[in-house]
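The values are calculated or read from the model by the stated rules, or taken from the named source; none is laboratory data. All figures in this text were calculated on a predicted structure; none of them were measured in a lab. As a convention, Cβ positions derive from the backbone with ideal geometry for all residues, glycine included, and neighbour counts pool all protein chains shown. Only protein heavy atoms, including side chains, enter the accessible area calculation; ligands, DNA and RNA are left aside. Shrake-Rupley method; radii C 1.70, N 1.55, O 1.52, S 1.80 Å.
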Amino acid sequence: MEQMTVRDIVTATGGRLLCGDESQPVVHIGINSKEVQRGELFVPLVGEKVDAHRFIGMAFEAGAGAVLTSKHDEMEDVHPWIRVEDTKKALQAVGAYYRDRLTLPLIGITGSVGKTTTREMVATALSAGFKVYKTPGNKNSQVGVPITLSEITSEDEIGVLELGMSMPGEMSVIARIARVDMAVITNVGVAHIELLGSQENIYQEKLKIQDGLKDGGILLLNGDDPMLKDTLARDGCRTIYYGTGEHCDYRAEHIRLKDGYPVFEAVHGEKRALVSLKIMGAHHVGNAMAALAAADLYGVDMQAAAEKLQEFTGYLGRQQVYVRDGITIIDDTYNASPVSMKASLQVLASMEKAVRRIAVLADMKELGPDEERFHKEIGEWLSDQPVDVVFTLGELSRNIEAGKECRHFSGEDLSGLSEALEELLVYGDCVLLKGSRSMKLDQVAKRLVPCIADN
């Protein structure tokens with residue numbers, strides 16, 4: 001956060017300074033008293049179980065420079081205390097205020113599946129021509145986005161923001177704070193359908209990213225997604241499609257897998273670029289095309305952007321490939337949905353050199369009343385795939401019956417699953433681990449590949 005003072009925070013929030021120096025600089029925003037940075041504004045959020053106002057003293061001891069409060073009306077202290085009605089809304093107001101000061105273009109990315117990988121790939125492609133700021137970690141929520149915006153500096157030339165949502169109305173709030181110049185929607189799936197009710201509701205919620213899309217902005221859509229291929233941007237904005245279909249403005253052609261890694265040609269009008277990715281799976285072709293489209297639209301040479309994409313190798317828990325004692329382990333334990341699980345199983349099926357292909361599949365969460373059906377459909381689809389052994393973890397995954405050698409483990413039996421895998425695996429095997437984050441399959445991955453725990 002640059003050139004912000006306590007006075008600016010008071011102005012942004014419409015709050016009241018209870019005590020302290022209004023000219024004091026504010027250099028960061030934080031919400032965790034255990035991770036306080038010196039000189040930061042500590043924002044005590046009020047949750048269902050914990051009210052962080054109780055940690056204000058701890059935050060000041062750790063070096064916080066100022067604090068918001070909705071619980072105090074009077075205070076005498078050397079530190080600035082700013083009285084607001086709602087600390088979360090005040091945090092969002094600070095983010096929007098800081099956004100007003102930024103002049104660099106911002107790209108916002110949302111979608112049911114692949115938005116984090118797409119964010120990383122867009123940032124990588126743009127780095128061929130810009131100094132890029134991107135959302136750190138998973139700070140993509142109503143709380144995370146304002147903090148993310150506040151960390152952009154005058155040295156950054158373009159920003160790539162991930163915008164997440166899990167409940168009705170959330171996307172509109174985030175979009176109005178971020179006010180992006182380009183909005184990217186990767187797809188519309190069934191993640192969070194438990195809270196949003198239907199895929200149509202998810203679609204409508206994703207489109208609310210346009211609530212903050214600037215006039216003259218671009219809505220960049222996955223033209224291969226059934227619910228997005230005919231979608232048009234709001235009035236005053238442009239619609240551009242990426243994908244593999246003939247109607248896509250940015251199109252991938254001649255797609256093939258080389259040892260599981262996609263190779264293809266990116267085409268836009270007369271422009272062509274050869275692309276060779278270092279992350280496995282044909283489903284990443286779409287993510288790469290979104291990145292190349294964004295880069296080209298901001299004036300980056302498409303071939304230079306394609307060459308930059310070769311530097312992206314993914315990150316922990318998302319299709320990371322390890323080889324130990326001749327056994328290939330694909331760690332895709334970060335999260336799961338029906339679309340991403342099929343994509344990961346296709347990666348497993350593409351491992352031509354594997355003696356045996358073994359799938360370890362855990363429950364997919366937040367799928368609503370049709371959760372059992374979604375798991376059964378995975379099993380039906382898997383029955384035609386070249387997978388030799390299936391292990392499942394959790395009660396929902398018992399519905400994955402693929403007509404193959406299959407063993408089931410309760411959701412708490414991570415040790416039993418790990419031991420069974422270690423007894424089964426031999427030289428030449430390839431094993432995929434895939435499930436929702438709450439199923440803790442990452443612990444099994446770390447047991448199979450101890451070095452993961454050090455990353």
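Descriptive notes on the structure:
- Residue list for the range 98-114, restricted to those being among the small types (Gly, Ala, Ser) and at pLDDT 95 or above: GLY108
- Qualifying residue in the range 237-248 (condition: at positive phi, out of contact with any Gly (no Cβ under 6 Å at 6 or more places or on another chain) and either of a type outside the set (A, V, I, L, M, F, W, C) or not in a strand (DSSP E or B) (or both)): no
- Counting the residues of the range 103-122 that are charged (D, E, K, R) and either farther than 19 Å from LYS365 by Cα or touching a Lys or Arg at 6+ places or on another chain (Cβ under 8 Å) (or both) gives 2.
- Conditions (1) touching an Asp or Glu at 6+ places or on another chain (Cβ under 6 Å); (2) in contact (Cβ under 8 Å) with a residue 40 or more places away in the chain; (3) open to solvent by less than 10 Å² (accessible area, probe 1.4 Å); (4) of a type outside the set (Lys, Arg); number of the one not met by GLY111: (1)
- In the range 53-72, the qualifying residues are those that are open to solvent by less than 10 Å² (accessible area, probe 1.4 Å) and not in a loop (DSSP other than H, G, I, E, B), and the one that is nearest to VAL26 (Cα to Cα) is ALA66.
- The set of residues from the range 204-228 being of a type in the set (D, E, K, R), within 17 Å of MET171 (Cα to Cα) and out of contact with any helix residue (DSSP H, G or I) (no Cβ under 6 Å at 6 or more places or on another chain) comprises LYS206, LYS214.
- Subset of the range 31-42 that is open to solvent by less than 40 Å² (accessible area, probe 1.4 Å) and at pLDDT 95 or above - its residue that is farthest from THR69 (Cα to Cα): GLU40
- Listed by position, the strands (runs of 3 or more DSSP E) enclosed by the range 360-455 that each have at least 1 residues that are open to solvent by less than 60 Å² (accessible area, probe 1.4 Å) and farther than 26 Å from VAL190 by Cβ are 389-393, 429-434.
- Meets criteria (at pLDDT 90 or above, over 29 Å from MET167 (Cα atoms), of a type in the set (Asp, Glu) and not in a helix (DSSP H, G or I)) for GLU311: yes
- The residues listed here are VAL263, VAL275; of these, the one that is part of a strand (DSSP E or B), farther than 12 Å from MET302 by Cα and not polar (S, T, N, Q) is VAL263.
- Annotation note: Cβ proximity below 7 Å between a residue of the range 77-102 that is open to solvent by 60 Å² or more (accessible area, probe 1.4 Å) and a residue that is among the aliphatic types (A, V, I, L, M) and not in a helix (DSSP H, G or I) (sequence gap 6+ or interchain) occurs for LYS88/LEU45; LYS88/VAL143.
- Of all the criteria given as (1) surrounded by fewer than 22 Cβ atoms within 10 Å (Cβ to Cβ); (2) under 17 Å from VAL113 (Cβ atoms); (3) among the charged types (D, E, K, R), the one not satisfied by LYS206 is (1).
- Restricted to the range 115-189, the set of helices (runs of 4 or more DSSP H) holding at least 2 residues that are at pLDDT 95 or above and more than 20 Å from GLU311 (Cβ to Cβ) comprises 144-150, 170-178.
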